[in-house]
1. What do you reckon, is residue 159 on the phi < 0 side of the Ramachandran plot, hydrophobic (A, V, I, L, M, F, W, C) and modelled with pLDDT under 95?
2. Taking the condition out of contact with any Phe, Trp or Tyr (no Cβ under 7 Å at 6 or more places or on another chain), under 20 Å from residue 57 (Cβ atoms) and free of Cβ contacts under 8 Å to residues at least 12 places away in the same chain, does residue 204 pass?
3. Out of everything in the range 29-43 that is outside any helix (DSSP H, G or I) and without any contact (Cβ under 8 Å) to a residue 60 or more places away in the chain, what residue ends up being farthest from residue 109 (Cα to Cα)?
4. Anything in the range 12-55 that is farther than 19 Å from residue 82 by Cβ and touching a Lys or Arg at 6+ places or on another chain (Cβ under 7 Å)? List them, or say none.
5. Tell me yes or no: at least one residue of the range 126-148 is out of contact with any Gly (no Cβ under 8 Å at 6 or more places or on another chain), modelled with pLDDT of 95 or more, farther than 27 Å from residue 98 by Cβ and among the charged types (D, E, K, R).
6. Name the residue, out of 166, 119, 199, that is in contact (Cβ under 8 Å) with a residue 60 or more places away in the chain and not hydrophobic (A, V, I, L, M, F, W, C).
7. Looking for whichever is aliphatic (A, V, I, L, M), modelled with pLDDT of 95 or more and more than 12 Å from the chain's Cα centre (by Cα) here; the options are 102, 35, 49. Which one fits?
8. Please specify each residue of the range 162-176 satisfying the condition of being β-branched (Val, Ile, Thr) and either modelled with pLDDT of 95 or more or under 17 Å from the mean Cα position of the chain (by Cα) (or both).
Amino acid sequence: MNSILKYFPNLSEKQQAQFAQLPGLYKEWNEQINVISRKDIDNLEVHHVLHSLSIARLINFKPGSRILDLGTGGGFPGIPLAILFPEVQFSLIDARGKKIKVVNAVAGEIGLKNVEAKHIRAEELIPKKEKNKDAFRFDFVITRAVASLDQLIHWSTPLIQTKDQHALPNGLIALKGGNLKAEIKAIPKGTYSEVTPIHKLFPEPFFEEKYLVYVQR
């Protein structure tokens with residue numbers, strides 16, 4: 001909890017308790033279903049929870065907004081952000097049912113009421129008929145270590161609604177690592193993107209080659 005409180009000192013007692021439960025729950029589940037590298041499970045707070053919360057340094061999601069975590073895996077970045085923003089609705093999806101089983105169990109155990117987790121692919125979310133398509137769209141799509149940027153843009157663009165309610169226009173926010181030059185070059189021409197080094201937000205050594213990539217719808 002020390003690393004989280006260092007950057008988010010105004011957490012309520014409930015939020016602190018929820019964050020404090022995560023390491024034990026993930027260790028327990030990881031023994032049954034491998035959602036985090038066993039070599040990395042002891043680094044959950046910084047490498048997974050704080051990493052996810054870097055998105056909150058880019059944008060403060062407004063109450064009532066709808067966020068899609070595409071390819072959530074074991075629940076990152078969705079679960080930490082859902083704890084931080086209890087009045088925001090988070091939909092967490094993954095093509096692997098075992099991962100969603102863990103997400104639902106963890107969310108239920110810590111009492112998250114603003115998380116819906118589904119075993120579904122992104123392309124299956126929006127109905128083929130135009131009617132009520134907006135009901136299936138989101139303010140932002142967030143993701144971590146899922147696919148290349150051009151593929152993420154392809155999947156997420158149909159899922160983002162056109163009406164903005166934040167100062168930052170609706171779009172995709174991806175947690176990425178390594179050299180991004182080739183990925184940025186491969187995205188569709190005319191697409192607006194911004195890259196923020198996470199090391200500028202959180203100076204821990206782990207974040208030195210980690211980035212937040214925002215792509216406007």
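1. yes
2. Judged against the criteria, residue 204 is not a match.
3. 39
4. Within the range 12-55, 30, 33, 41 meet the criteria.
5. yes
6. Working: 119 fails: in contact (Cβ under 8 Å) with a residue 60 or more places away in the chain; 199 fails: in contact (Cβ under 8 Å) with a residue 60 or more places away in the chain.
Being in contact (Cβ under 8 Å) with a residue 60 or more places away in the chain and not hydrophobic (A, V, I, L, M, F, W, C) holds for just one of 166, 119, 199, which is 166.
7. Going through 102, 35, 49 in turn, the sole match is 102.
8. 173
The values are calculated or read from the model by the stated rules, or taken from the named source; none is laboratory data. No experiment lies behind these values; they were computed from the predicted model shown. Neighbour counts are summed over all protein chains in view; Cβ atoms, including those assigned to glycine, are modelled from backbone coordinates with ideal geometry.
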